[in-house]
Amino acid sequence: MRRLVVGGLWLVAGSWFVVASLQAQVTFERLVRAAEEPHNWLSYSGGYFSQRHTELAQMTPENVRNLESAWIYQLNSREPTSTRFEVTPVVVDGIMYIVQPPNDIIALDAVSGRPFWTYSYNPSPQARPCCGRLNRGVAIHDDRLFMGTIDGHMVAVDAQNGKLLWDRTVVRPEAGYAFASAPLVVKDKVIIGPAGGEYGIRGFLAAFDVATGNEVWRFNLVPGPGEPGFDTWQGDSWKTGGASIWLTGSYDPELNLTYWGVGNPGPDWNGDNREGDNLYSNSVVALDADTGSLKWHFQFSPHDEFDYDAVQIPVLADAAWQGKPRKLMYFANRNGFFYVLDRRTGQFLSGKPFVDVNWASGLDPKTGRPIRVAGKAPSAPPGTLIFPGNQGGTNWYSPSYSPRTGLFYIPTWANYSSLYVRDKVEYVEGRRFAGGGARAPVPGIRTGQGGYSWAKPEEGYGAVRAIDPNTGALRWEFKMSDLTWAGVLTTASNVLFSGGGEGYFYALDARTGNLLWKTQLGSVIRSGPMSYAVNGKQHVAIAAGSGLFVFKLRE
Amino acid sequence: MLALLIAGAATSLALAQAPAATPPPPDGEQLYKENCIECHGPEGDDVPDVDLGRGRFRRATTDPELVGIVLRGIPNTAMPPSNFSEAQASAIVQYLRAKASRAAASAGNAASGRAIFTGRGNCMSCHRVNGSGARTGPDLSEIGRMRHSTDIERAIVEPDFMVAPSNRYIRLVTRDGATITGRMLNQDIFTVQLIDSKEQLRSLARADLKEFTFIDKSPMPSYRGKLTAQEIGDLVSYLVSLQGGGVQ
């Protein structure tokens, strides 16, 4: 580590920390001990446990009303139609790294927002990402930044000057493969998996050598002949089984296990030709970080026909379970249940609905397998009404866990349902492979891109729900009018930041849900907040519309 | 057995006449449902400024241009390239063209319908067209682009059947006791916007409200029994003819 020069002192949850102001290499040791340098935000979720929680405590429930704009960075993308800016910035010693849609890495001065350099990647015209030409962020190791591209490349770029170090073709965009998530660095490897579950891809997780880009291991998320789980697929359906990766995984350094939420089986809404559980779709997998071998898996929604992919962040916590300390995983799933698992073994500990659920009457208390309700499956038009609807009780927007409050915070779609329609489908490479669709029971209650909402609360609303992870009980709820696409950040000083489809970015008291501060950013927020400090001042950043908005306390 | 013999004869005949069996023509409707509906919607009007079911496109006018977009996508936008054959892409375009021409056909007399609209129908006491009429109801200057004729007819005879969410009426009571009714324009966590019965744009803080109620019934009266079937047909034709662009 090259953390030699003392740049200032920083109050962190009651302790004084030394802040390095020189740029130092981001070693694996620094990533493991990220919580000890909270002025930096070194990975997508802020740390290997993915709690999206900062130890920074300068912003408090008492003073957060004094937030003001520090700076705004407006995108200057080659794609003017792109409005999905879903990045979580990475900040290292005063330098911020973001990805501008589709695949431009930009290094910014975290004090002023002025750019140092832009690395512009030109994706193939064959790219066909299902759900937006976007990218959620970079990973960093030493002086290298890593990015997956929408046309299936992995690239490494010099963090100091934005020059390309290596570029590996990993998957074929013409077959619907794309990278959207921020990779995860573990030791000397960078791990990622492809999106494309709506195109009949066959998903996997792969690790690449940080120095060379050579692939080191690969784990098939749809097992092939001879691999365990192959018998959960009918006939040749495994070849087009989906099981995408949309989001960054987590890591436990002590167990050396990396955890990833896996996407839906293909085709999404018609499971007729893929009888069986369809492993490892809609599961969380625990892999040995050195070899990629499977240690355990837990499948939330076997044989899914609701697009309930498990593309949520696996949040790790060392907390008490029934009075004893235990290595836990908290997982708020798109299928409407909140799960607690033992992350050493994958044992199911508990699962409670956090929204209305009508497709399952509950979970088997021993195994956690859902108890299906007869007749609740996609059908001919107008379809079957299912709670939660197609976007789920929650989705890719990050939750947060605060070790201070002991609460788990879920960006929630409440009272939300869809009409699921089954249709026939045939696989043709590069074409959508969905087998039906899902529609709103009341068309037009809100505009797709935000800005207007005419919905009644009983037609669905966005919320931040705080639940006690030990019981699944709701502690409080902050209701929005429109739905939410925003993640949640908590601080050691009990401030919670989030936003929603209406464009408000706000601060709540993490203990009570009381509103402390708000501002209007003028567009849908489709990202998770993060926090960093520079020159002794805490900042909070959020992407919304086509801008990155950064706030600090008024001086 | 008979069926088998006939089938066998047909096969021999086909083999004799054309060495390669002709595949059935691509089903444009099915291809549309499988590949396009997720973004464009069942009626083809989910993408802003695009209404595939009524011949409204942003970048193309001719069939070859449309086929080209289906095949190659629109670079740097959400419209992806596809792996369709030319015949399949053409089938999708033909399906959309047929849908558009069905939408354009209407039976009534638009001129008579206009007379009803501006005269004894008293429609302009609430609705506005091309700058004339009231603003408390929805402006209908582009209703022909926005709604299908069957939906327009249903709205005239059965206005409560479905009030479009963007036309919902609300009743607000402020903390100081004032009651405000009007058509809701927008809402969020903290505020609500409406046009009130005096055609004033209002924005109120939810914190200042004692009551906030959605009015489920449409304020519009039913014209069932008040107009003949022919008159309703004429009125529908007039409304379908309102395609926007009427104000210079």
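As a rough footprinting exposure proxy, the listed residues B:141, B:112, A:120, A:281 were ranked by other beta carbons within 10 Å of their own, and the order from fewest upward is A:120, B:112, B:141, A:281. Averaging Cα coordinates gives a centre for segment A:348-422 and one for segment A:477-527; these two points are 22 Å apart.
Given Cα positions, please report Rg to Rh for chain A, the hydrodynamic radius being the Kirkwood one.
Numbers: Rg = 21.7 Å, Rh = 23.1 Å.
In chain A, Rg relative to Rh is 0.94.
Sorting A:147, A:154 by the number of Cβ atoms found within 10 Å of their own Cβ, with the fewest placed first, yields A:154, A:147.
Here's the list of lysines a cross-link from residue A:479 could span, going by alpha-carbon distance under 22 Å and ignoring same-chain residues fewer than 8 apart: A:352, A:456, A:518, B:210. Hey, got the average number of other protein chain Cβ atoms within 10 angstrom for residues in A:475-484? Whole-number average of other-chain Cβ neighbours for A:475-484 is 2.
Amide H contacts for residue A:358 (H built 1.01 Å from N in the peptide plane; partners 5 or more residues away or on another chain; cut-off under 5 Å): A:387.
From the C-alpha coordinates alone, can you work out the Kirkwood hydrodynamic radius of segment A:347-434, in Å?
On the way: mean 1/r = 0.0642 Å⁻¹.
Its Kirkwood hydrodynamic radius stands at 15.6 Å.
When every Cα-Cα distance of segment A:271-339 is counted in 5 angstrom steps from zero, the calculated P(r) takes the values 3, 15, 21, 21, 19, 13, 6, 2, 1, 0 percent.
Each of B:170, B:195 was scored by other Cβ atoms within 10 Å of its Cβ. Arranged with the fewest first, they read B:195, B:170. Considering every alpha-carbon pair of segment A:281-431, the percent of pairs per 5 Å bin, from zero through the bin containing the longest distance, is 2, 9, 17, 20, 19, 14, 10, 6, 2, 1, 0.
In segment B:165-215, Cα pairs under 8 Å separated by at least six residues give a relative contact order of 39 percent.
Dividing the summed -39500 (n - 2.57) terms of all DSSP H runs of n ≥ 4 by the residue count of chain A sets its mean residue ellipticity at 222 nm at 0 deg cm²/dmol.
Highest mobility in the GNM of chain B, judged by mean-square fluctuation with C-alpha springs under 10 Å and restricted to B:232, B:180, B:189, is found for B:189. Against the main long axis of the alpha-carbon atoms of chain B, helix B:86-104 sits at an angle near 40°.
With an 8 Å Cα cut-off and a minimum separation of 6 or more residues, compute the relative contact order for segment B:103-209 in percent.
16
For the residues of A:424-436, the average number of beta carbons from a partner chain within 10 Å of their own beta carbon is 4. Couplings 3J(HN,Hα) for segment A:509-522, derived from phi with the Karplus relation 6.51 cos²θ - 1.76 cosθ + 1.60 (θ = phi - 60°), are 6, 5, 7, 10, x, 5, 6, 10, 6, 8, 8, 9, 9, x Hz, where x marks Gly and Pro. According to the Cα-based calculation, Rg over Rh for segment B:165-215 is 0.91, with Rh computed by the Kirkwood formula.
Let me have the relative contact order for segment B:39-132, percent, based on Cα pairs under 8 Å that are six or more residues apart.
Reported as a whole number, the value is 20 percent.
Compactness ratio for segment B:27-104: Cα radius of gyration over 2.2 N^0.38 Å (N = residue count) comes to 0.97.
Charge tally around residue B:108: other residues with Cβ under 9 Å, Lys/Arg +1 each, Asp/Glu -1 each, net -2. Dividing the C-alpha radius of gyration of segment A:457-545 by 2.2 N^0.38 Å, with N its residue count, gives 1.11.
Quick check on segment A:379-419: what are the equivalent-ellipsoid semi-axes from the Cα gyration tensor, as sqrt(5λ), descending, whole Å?
Numbers: eigenvalues 189, 14, 6 Å².
The equivalent ellipsoid of segment A:379-419 has semi-axes of 31, 8, 5 Å.
For segment A:31-73, the normalised intensity computed at q = 0.17, 0.18, 0.24, 0.33 Å⁻¹ comes to -0.60, -0.66, -0.88, -1.07 (log10 of I(q)/I(0), Debye sum over alpha carbons, equal scatterers, no solvent).
Where only DSSP H runs of four or more residues are counted, chain B gives -11000 deg cm²/dmol as its mean residue ellipticity at 222 nm, each run worth -39500 (n - 2.57). Given bins 10 angstrom wide, list per bin the percent of all Cα-Cα distances in segment B:96-248, short to long. Distribution as computed: 10, 36, 30, 17, 6, 0 percent.
Add +1 for every Lys or Arg and -1 for every Asp or Glu among the other residues with Cβ under 14 Å from the Cβ of residue B:199, and state the total. Please report the intermediate quantities before stating the final value.
Working: positive: B:128, B:135, B:183, B:198, B:202; negative: B:139, B:196.
That works out to +3.
With the radius of gyration and the Kirkwood radius both derived from the Cα set of segment A:220-348, what is their ratio Rg to Rh? Reported Rg/Rh, Kirkwood definition of Rh: 0.98.
Using a simple charge model, +1 on the beta-carbon of Lys and Arg, -1 on the beta-carbon of Asp and Glu, nothing else, what dipole does the protein assembly as shown show about its Cα centre, in debye to the nearest 20?
1380
For segment B:142-153, the Karplus equation 6.51 cos²θ - 1.76 cosθ + 1.60, evaluated at θ = phi - 60°, returns couplings of 10, 4, x, 8, 9, 10, 7, 4, 5, 5, 5, 4 Hz by residue, with Gly and Pro reported as x. With θ taken as phi - 60° and the Karplus curve 6.51 cos²θ - 1.76 cosθ + 1.60 applied, the whole-hertz 3J(HN,Hα) list for segment B:50-60 is 10, 9, 4, x, 9, x, 10, 10, 7, 10, 9 Hz, x standing for glycine and proline.
Read-outs throughout are calculated quantities, based only on the coordinates presented, and are distinct from any laboratory measurement. Predicted model only: the values in this text are computed from it and were never measured. Neighbour counts run over all protein chains shown; Cβ positions are idealised from the backbone, glycine included.
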